[in-house]
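Undergrad: Mind having a look at this structure? Questions to follow.
The values are calculated or read from the model by the stated rules, or taken from the named source; none is laboratory data. None of the values given here were measured: they were computed from a predicted structure. So basically every Cβ, Gly included, is an ideal-geometry build from the backbone, and we count neighbours across all protein chains shown. Please note that ligands, DNA and RNA were not included when accessible areas were found on the heavy atoms of the full protein model with its side chains. Shrake-Rupley method; radii C 1.70, N 1.55, O 1.52, S 1.80 Å.
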Amino acid sequence: MEITKICCIGAGYVGGPTMAVIAQKCPNIQVTVVDLNEQRIKDWNDPNTDNIPIYEPGLAEIVAEARGRNLFFSTEVEKAIDEAQVIFISVNTPTKTYGKGKGMAADLKYIELCARQIAKVAKQNKIVVEKSTLPVRTAEAIKSILDNTGNGVQFQILSNPEFLAEGTAVTDLLNPDRILIGGDTTPEGQDAINALVNVYANWVDKTKILKTNVWSSELSKLTANAFLAQRISSINAMSELCEKTGADVNEVAKAIGMDSRIGSKFLKASVGFGGSCFQKDILNLVYIAKSYGLNEVADYWEQVIIMNDHQKRRFSNKIVQTLYNTVADKKITFLGWAFKKDTNDTRESAAIYVADDLINEQAKISVYDPKVSRNKMLSDLDYLQTRSVEENSKALSIFEDAYKACEGAHAIAILTEWDEFTTYDWQKIYDSMHKPAFLFDGRNILNAKELESIGFIYKGIGS
Ligand code: NAD
Ligand code: UGA
């Protein structure tokens with residue numbers, strides 16, 4: 001079967017960039033990305049591609065090339081489902097905030113809604129692709145909904161998880177380490193897998209396209225995120241020990257990373273990992289393990305989250321302790337609010353939790369981030385429901401200029417590793433601050449010696 005029409009439900013951080021790259025690389029395939037969120041679709045269709053809703057290096061150019069040619073953004077969900085041979089489901093799968101599994105399990109209500117809508121609309125056989133990250137065996141539930149509520153058409157369900165990281169989404173999509181496709185072992189299942197393989201083969205070497213059964217594919221995605229997050233918690237655990245012993249965590253990371261069995265990536269100690277997925281996916285893994293009675297497995301992975309929460313809290317505690325045990329009415333400037341550089345995404349960013357802790361201590365927080373809007377920062381804080389909207393907007397001042405944000409500050413805290421922070425005139429910043437001037441580098445991106453020679457009291461992570 002040759003695929004000529006694809007629909008993707010969900011125009012978010014995964015659906016938008018992934019489909020833009022498929023459209024760019026497969027000009028003969030019509031790709032329609034649909035979403036219920038009218039504003040998001042309007043933004044994707046903004047004539048000026050600098051205004052598309054997701055900031056990723058290189059994305060605006062790809063959208064400019066393919067949009068209107070074979071890439072379309074629309075709110076007409078049913079029409080797009082009806083026309084497509086392949087439907088990707090890329091909707092959000094957040095942690096449940098209610099009922100059984102609250103705070104742990106993945107909330108699959110958006111996935112189920114998609115399955116029901118596909119079942120209702122489809123008049124011809126279709127391939128349904130799980131692109132969202134899902135608990136192992138979700139395909140079973142989707143299949144049951146499709147087979148029992150549909151119009152008697154045949155569905156093949158594939159699992160094709162996405163491994164892109166934000167900030168590098170475009171390069172990750174153009175040059176993936178691997179593409180994983182899980183499907184049924186039946187001839188029909190294998191045909192569906194091969195049809196999807198042929199889409200990716202337009203730009204990905206076939207040796208990098210891995211075919212598995214559905215359950216392996218679903219579980220591999222959760223496993224990959226758990227392993228990545230575990231490395232960060234492992235090095236962060238060592239960072240605390242380094243601070244007590246005089247070892248330097250950057251030196252330790254380099255020394256162990258040169259062992260080819262360990263590898264050098266993902267060993268950067270930090271204020272803690274953020275992002276929409278690591279925490280949610282590990283909590284989901286923990287929930288799944290518990291639901292099978294595998295308590296030791298669950299406890300093992302839960303520790304990755306416990307360590308990460310500890311690291312965020314430890315950072316805010318260190319600021320308070322270093323500033324003579326009180327930050328009340330002191331100005332603390334955050335450089336960065338996004339959960340990592342090169343993205344405007346702030347979901348689960350460490351900055352939110354550190355700000356919340358410091359505002360509880362009555363600090364005045366000033367923030368500068370090159371890509372995050374004022375409204376986004378305030379709504380992130382409001383979402384925690386620690387205090388009223390008015391109190392949050394009084395406690396948080398947002399600046400469009402980093403130098404202004406730092407003027408008169410008692411301390412600066414680096415929360416995101418934006419490259420531009422390393423190019424600043426730190427002498428000028430120092431001169432404009434209260435003395436002693438403290439710098440808490442939550443990302444270990446600045447040169448401690450240089451800053452200390454200017455006069456800063458510099459505190460990195462793990463040294
Ligand atoms: P997102 O919140 O940015 O986007 C999801 C979109 O789906 C939203 O715009 C929402 O309005 C839309 N939506 C929800 N229900 C819908 C429905 N019934 N019909 C139409 N639209 C609907 O989420 P995201 O970051 O793109 O993540 C999506 C999935 O991909 C999650 O399962 C996530 O774990 C996974 N994932 C995310 C990343 C990442 O870097 N963000 C990477 C790999 C995998
Ligand atoms: C992560 C994975 O890297 C992707 O493969 C996966 O597809 C994605 O989750 C997902 O499923 O959503 P992402 O969260 O976008 O991608 O970004 P990462 O680069 O993994 O960074 C996550 C967090 O860890 C960031 O806060 C980052 O600053 C932090 N980090 C990363 C560290 O503190 N140290 C490191 O060494 C690496």
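Undergrad: Output the number of the condition that residue 166 fails; it satisfies all remaining conditions of (1) within 28 Å of residue 302 (Cβ to Cβ); (2) assigned to a loop (DSSP other than H, G, I, E, B); (3) without any contact (Cβ under 8 Å) to a residue 12 or more places away in the chain.
TA: With respect to (1) within 28 Å of residue 302 (Cβ to Cβ); (2) assigned to a loop (DSSP other than H, G, I, E, B); (3) without any contact (Cβ under 8 Å) to a residue 12 or more places away in the chain, residue 166 is out only on (3).
Undergrad: Which number in (1) open to solvent by 10 Å² or more (accessible area, probe 1.4 Å); (2) touching a Cys at 6+ places or on another chain (Cβ under 7 Å); (3) closer than 30 Å to residue 47 by Cβ marks the one condition that residue 74 misses?
TA: So residue 74 meets the others, but not (2).
Undergrad: Scanning segment 293-318 for residues that are part of a helix (DSSP H, G or I) and aliphatic (A, V, I, L, M), which turns out most open to solvent (accessible area, probe 1.4 Å)?
TA: 306
Undergrad: Just give me the residues in segment 214-227 being crowded, with 18+ Cβ neighbours inside 10 Å, within 11 Å of ligand 2 (Cβ to nearest atom) and hydrophobic (A, V, I, L, M, F, W, C), in sequence order.
TA: Residues of segment 214-227 that are crowded, with 18+ Cβ neighbours inside 10 Å, as a first pass: 214, 217-222, 225-226.
Now restrict to residues that are within 11 Å of ligand 2 (Cβ to nearest atom): 221-222, 225-226.
Answer for segment 214-227, where residues must be crowded, with 18+ Cβ neighbours inside 10 Å, within 11 Å of ligand 2 (Cβ to nearest atom) and hydrophobic (A, V, I, L, M, F, W, C): 222, 226.
Undergrad: Residue 266 fails exactly one of the following numbered conditions: (1) open to solvent by 60 Å² or more (accessible area, probe 1.4 Å); (2) more than 16 Å from ligand 1 (Cβ to nearest atom). What is the number of that condition?
TA: Among (1) open to solvent by 60 Å² or more (accessible area, probe 1.4 Å); (2) more than 16 Å from ligand 1 (Cβ to nearest atom), residue 266 violates only (2).
Undergrad: Now for a separate question. If you take the residues in segment 397-422 that are of a type in the set (Phe, Trp, Tyr) and in a helix (DSSP H, G or I), which one is most open to solvent (accessible area, probe 1.4 Å)?
TA: We begin by selecting, within segment 397-422, every residue of a type in the set (Phe, Trp, Tyr); these are 399, 403, 418, 421.
Now narrow it down to the ones that are in a helix (DSSP H, G or I): 403, 421.
Numbers: 403: 64, 421: 0 Å².
So, considering only residues that are of a type in the set (Phe, Trp, Tyr) and in a helix (DSSP H, G or I), the one most open to solvent (accessible area, probe 1.4 Å) is 403.
Undergrad: For segment 354-396, which positions are hydroxyl-bearing (Ser, Thr, Tyr) and either part of a helix (DSSP H, G or I) or surrounded by fewer than 16 Cβ atoms within 10 Å (Cβ to Cβ) (or both)?
TA: 373, 379, 383, 386, 388, 393
Undergrad: Now for a different question. On the given criteria, is residue 28 exposed (fewer than 15 other Cβ atoms within 10 Å of the Cβ), farther than 16 Å from residue 83 by Cα and more than 16 Å from ligand 2 (Cβ to nearest atom)? Even if it seems obvious, please write down each step before you answer.
TA: Values: exposed (fewer than 15 other Cβ atoms within 10 Å of the Cβ): yes; farther than 16 Å from residue 83 by Cα: no; more than 16 Å from ligand 2 (Cβ to nearest atom): yes.
Here the answer is no, as residue 28 does not meet what is asked.
Undergrad: Among the candidates 82, 147, which residue alone is away from ligand 1 (no atom under 14 Å from the Cβ), touching a helix residue (DSSP H, G or I) at 6+ places or on another chain (Cβ under 7 Å), charged (D, E, K, R) and open to solvent by 10 Å² or more (accessible area, probe 1.4 Å)?
TA: Result: 82 is the single residue among 82, 147 that is away from ligand 1 (no atom under 14 Å from the Cβ), touching a helix residue (DSSP H, G or I) at 6+ places or on another chain (Cβ under 7 Å), charged (D, E, K, R) and open to solvent by 10 Å² or more (accessible area, probe 1.4 Å).
Undergrad: Continuing with this model, one more query. Can you pull out the residues in segment 85-126 that are basic (Lys, Arg), touching a residue at least 24 places away in the same chain (Cβ under 8 Å) and surrounded by fewer than 18 Cβ atoms within 10 Å (Cβ to Cβ)?
TA: Listed by number, the residues that qualify are 116, 120, 123.
Undergrad: Here's something else I'd like to know. Considering only residues that are open to solvent by less than 20 Å² (accessible area, probe 1.4 Å) and hydrophobic (A, V, I, L, M, F, W, C), look in segment 154-178 and name the one that is nearest to ligand 2 (Cβ to nearest atom).
TA: This residue is 169.
Undergrad: OK, next. Does residue 172 satisfy the criteria of being within 13 Å of ligand 1 (Cβ to nearest atom), out of contact with any helix residue (DSSP H, G or I) (no Cβ under 6 Å at 6 or more places or on another chain) and either farther than 30 Å from residue 338 by Cα or free of Cβ contacts under 8 Å to residues at least 12 places away in the same chain (or both)?
TA: So residue 172 fits the description; yes.
Table: residues versus (1) in a loop (DSSP other than H, G, I, E, B); (2) within 16 Å of ligand 1 (Cβ to nearest atom).
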| position | (1), (2) |
| --- | --- |
| 3 | yes, no |
| 8 | no, yes |
| 11 | yes, yes |
| 16 | no, yes |
| 27 | yes, no |
| 31 | no, yes |
| 53 | yes, yes |
| 62 | no, no |
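Undergrad: Here is a check on your reading of the model: is residue 290 within 16 Å of ligand 1 (Cβ to nearest atom) and part of a helix (DSSP H, G or I)?
TA: No, not satisfied.
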